[in-house]
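To start, the structure itself, in C-alpha cells.
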Amino acid sequence: MALIARQFRRYSIMYVLLLPGLLYFAVFKYVPMVYITAGFKNYNVLKGLWESPWVGWQNFKFFFEGVYFYQIIGNTILISLYKLVFSFPAPIILALMLNSVTSGGFKRTIQTLTYLPHFLSWVIIYGLMVAFLAPGTGLVNQLMTAFHLERISFLTEPSLIRSLIVGTDIWQSVGWGAIIYLAALTGIDPSLYEAATVDGASRWRQIWSITLPGIRNVIILMLILRLSAILDVGFDQIYIMMNPLNQEKADVIETWVYRVGMQEGRIGLATAVGLFKSVIGFMLVLGANRLAKRFDGQIW
Amino acid sequence: MNTMTNSERITQILNYTLLSLLAATCVIPFIYVITVSVTPISEVIKNDGLVLIPTKVTWTAYEAIMQGGRLTEAYQATLFRVGVGTVVNLFFTILTALPLSRKSLPGRSYFLMFIVFTMLFNGGIIPSYLLVKEIGLLDSSWSLIVPGLINAFYLMIVKSFFEQLPEAIDEAARIDGAGELAILFRIVLPLSVPIIATVGLFYAVWHWNSYFDALLYINDASKQPLQLFLRQILLASVAISGDAAEAANSVNPISVQMASVAVTTLPILLVYPFIQKHFTRGVLLGSVKG
C-alpha cells in the first residue's frame with residue numbers, strides 16, 4: 001500500500017497534466033458513442049435523445065431494405081476501389097521516377113512543386129476545377145469551342161464525376177505520398193546497384209530486382225493502412241464536388257448520412273447508418289492490423 | 001554518362017519530361033486563377049478565355065468581393081481559428097503527451113488504449129453534432145476549436161518524440177533537484193522544437209483548410225470562415241456561369257470566383273516556401289510507429 005501511495009505521489013503531477021487530455025477524449029470522443037443510441041430510437045428533436053421512443057433495429061432495416069442502399073454502398077466501394085487502383089500506385093511511380101533523376105536541383109524543384117496541392121483545401125481545389133471545367137467560362141470548354149468541339153458540362157455530368165474524384169485525388173496527394181517511398185528508397189544499399197551494373201543488368205531489371213524488393217515492406221504497410229480505411233472515401237472532397245445532377249454516381253455513405261440527418265432531420269436513421277459504417281470500419285482496421293503483424297509489425 | 005544506351009537515354013528524357021509536366025499542372029492553375037481574376041472581362045472574351053499573362057489589369061472583382069464586409073469577417077473568423085486554435089491544440093497535445101511518454105507511469109497502457117480506441121471507432125457525424133448542440137457550442141467560434149482539441153494521431157507522434165529523448169538528461173536534472181515542470185520547460189520543450197513546429201504546422205493547415213465542421217456548427221454568416229465564404233461564391237456562381245448573358249455585366253462571375261479562390265489561396269502560397277521543409281520531416285516522423 002505504502003509503495004502504491006509513494007508511486008502515486010511521485011507521479012501526481014503527471015496525472016494532473018494528463019487529466020485535461022483524458023477529459024477531452026472522454027467528452028468529445030466517448031460521449032458521442034453514447035449518442036449512437038439515437039440509431040435505435042425514433043429521434044424527436046423536441047423530445048431529445050432520452051425521451052425519444054426506442055424502435056430497435058427499425059432504422060437499420062429501413063436502410064438495408066431501402067432503394068438507396070445498393071447505390072450508396074456501391075458508390076462507396078467503387079470510388080474506394082478506383083482510388084486504390086489508381087491513387088495508391090501513383091506516389092510509388094513518382095518516387096521511382098524522382099529517384100532516377102540525377103540532378104539534385106531538378107529533383108528538389110519537382111518535389112517542392114508536387115507537394116503544393118496537398119496544402120490546399122478541397123474548396124480551393126473545387127475553385128480550380130471551376131476555373132478549368134465550368135461549362136461556360138472554364139478554360140477547357142473555351143479551348144473546345146476554339147477547336148469547334150461540343151462543350152461538356154464536366155462538373156454536373158454523372159459519368160465523369162468518379163474520374164474527377166479520382167483524378168483530383170491523385171493530383172492532390174501524389175507528391176506528398178511519394179515522400180515516404182523516397183525515404184525508403186534512400187535506405188537501399190547502393191552497392192547492390194553497382195554489382196548489378198557490373199553483371200550487366202538493365203535499368204528496368206534493376207528496378208524490378210533491387211528497387212521494388214527494397215521498398216516492399218513500406219508498400220505493403222501503406223497498402224494495409226489503406227485497406228483499413230476503405231470506407232473513408234474522402235468526405236470533404238466528394239461533398240464539395242457533388243451536386244444534384246451527378247449525385248447518383250457520387251453519393252457515398254457519409255454524404256448520405258449528412259443529407260438525411262442534417263438536411264432532412266431524420267437523426268435516428270442517419271445515426272444508424274453512421275454506426276453501420278463505424279462498425280464495418282472498426283472491423284477492417286482490426287483485420288488490417290492482424291495482417292500487418294505478419295509484415296512490418298502491427299500498426300499500433 | 002557514356003555507358004548510357006540509346007533506350008536508357010530515351011527513358012531519361014521521357015522521365016524528365018513527364019516530371020516537368022506534372023510539376024506544371026501544380027503551378028499553372030494558380031497563374032491562370034490570378035490572371036483571370038485581374039483581367040477585364042472584355043479581354044477574356046476576346047481571347048476565348050485563353051489568357052495566361054494579364055495584358056490589362058483591373059481590380060473590380062476584388063472590390064466586388066470586398067463589398068459588404070463578408071470577406072473581412074471570414075478572414076477574421078479564419079485567423080481566430082488558425083491562431084487561437086493552433087496554440088490551444090499544441091498546449092493540450094504537449095500536456096497530454098508528456099505523461100504518456102513516461103514508460104514507468106502506472107496505468108500508462110490503459111490511458112493509451114483509451115485514446116487509441118478513439119482513432120479506431122467513432123460515433124460519426126450526427127452524434128458529434130448532437131453533442132456540440134447539447135453543450136451549447138452551436139454558432140460559437142469555439143465549436144471549430146474545442147471538438148478537435150487534440151488529434152490522437154499527432155498526440156502519438158509527439159509522445160514518440162518525447163520517448164526517444166535521452167533519459168539520462170532527465171535523471172540528471174532530477175538529481176539536481178528540478179521538479180517535473182522545470183524539466184518540462186527547461187529540458188523537454190527546448191529539445192522538442194522541431195516536432196512542436198511540425199505538429200503546429202499540421203494543426204494550422206488543418207484549421208485553415210477545414211470547412212465541413214463550420215458547415216455543421218456555424219449558421220451565423222458573420223462567424224463563417226474563409227473556406228465557407230469561398231464555397232458559397234463558387235456554388236452561387238456555378239449556377240449562373242453557364243449563362244452567357246451574365247458575362248456582359250461589368251463584374252463577371254468568373255472573375256469574382258477566381259478572385260475569391262486567389263484570396264483564399266494566397267496566404268498558403270506565401271508561407272509555403274518557408275514551411276514545406278518542416279512538413280517533409282513531419283511525414284517521416286509520423287511514419288515512425290506510435
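Could you check A:ALA146 against (1) modelled with pLDDT under 95; (2) buried (at least 17 other Cβ atoms within 10 Å of the Cβ); (3) at the interface with another protein chain (Cβ under 7 Å from one of its Cβ atoms) and say which number it fails?
It fails just one condition, (2).
Could you check region B:1-93 for helices (runs of 4 or more DSSP H) lying wholly inside it with 3 or more residues that are at pLDDT below 95 and open to solvent by 80 Å² or more (accessible area, probe 1.4 Å)?
By residue number, B:6-38.
So, in region A:110-148, how many residues would count as being among the polar types (S, T, N, Q), under 22 Å from B:PRO253 (Cα atoms) and touching a helix residue (DSSP H, G or I) at 6+ places or on another chain (Cβ under 6 Å)?
Residues flagged as among the polar types (S, T, N, Q), under 22 Å from B:PRO253 (Cα atoms) and touching a helix residue (DSSP H, G or I) at 6+ places or on another chain (Cβ under 6 Å) within region A:110-148 amount to 2.
Among the residues of region A:159-209, which ones are within 30 Å of A:MET241 (Cα to Cα) and open to solvent by 60 Å² or more (accessible area, probe 1.4 Å)?
Once the filter is applied, which keeps residues that are within 30 Å of A:MET241 (Cα to Cα) and open to solvent by 60 Å² or more (accessible area, probe 1.4 Å), region A:159-209 yields A:SER159, A:SER163.
Do you know which of the residues in region A:1-11 that are open to solvent by less than 100 Å² (accessible area, probe 1.4 Å) and at the interface with chain B (Cβ under 9 Å from one of its Cβ atoms) is nearest to B:ALA178 (Cα to Cα)?
Only one residue tops the list, namely A:TYR11.
Would you mind stating whether B:GLU180 is out of contact with any strand residue (DSSP E or B) (no Cβ under 6 Å at 6 or more places or on another chain) and either more than 8 Å from chain A (Cβ to nearest Cβ) or open to solvent by 60 Å² or more (accessible area, probe 1.4 Å) (or both)?
Spelling it out, it is not the case that B:GLU180 is out of contact with any strand residue (DSSP E or B) (no Cβ under 6 Å at 6 or more places or on another chain) and either more than 8 Å from chain A (Cβ to nearest Cβ) or open to solvent by 60 Å² or more (accessible area, probe 1.4 Å) (or both).
Can you name the residue in region B:222-239 that is modelled with pLDDT under 90 and more than 9 Å from chain A (Cβ to nearest Cβ) and, of all such residues, is surrounded by the fewest Cβ atoms within 10 Å (Cβ to Cβ)?
B:ALA239
Considering region B:180-235 alone, what residues qualify as being of a type in the set (Ser, Thr, Tyr) and over 30 Å from A:GLU264 (Cβ atoms)?
B:SER192, B:THR198, B:TYR203
Those residues that are closer than 15 Å to A:ILE13 by Cβ and more than 9 Å from chain A (Cβ to nearest Cβ), I need them from region B:88-107; list them, please.
B:ILE94, B:SER101
Wholly within region A:178-281, which helices (runs of 4 or more DSSP H) include no fewer than the required count, namely at least 1 residues that are closer than 29 Å to A:THR112 by Cα and not hydrophobic (A, V, I, L, M, F, W, C)?
Qualifying helices (runs of 4 or more DSSP H): A:190-198, A:203-206, A:216-228, A:235-241.
Kindly evaluate A:LEU18 against the criterion of being in contact with a Leu (Cβ under 9 Å, 6 or more places away or on another chain), of a type in the set (A, V, I, L, M) and over 15 Å from A:VAL273 (Cβ atoms).
yes
The values are calculated or read from the model by the stated rules, or taken from the named source; none is laboratory data. All values reported here derive from a predicted model rather than from experimental measurement. A quick note on method: Cβ atoms are made from the backbone with ideal geometry, for glycine too, and the neighbour counts reach across all protein chains shown. Accessible surface areas use protein heavy atoms only, side chains included; no ligands, DNA or RNA. Shrake-Rupley method; radii C 1.70, N 1.55, O 1.52, S 1.80 Å.
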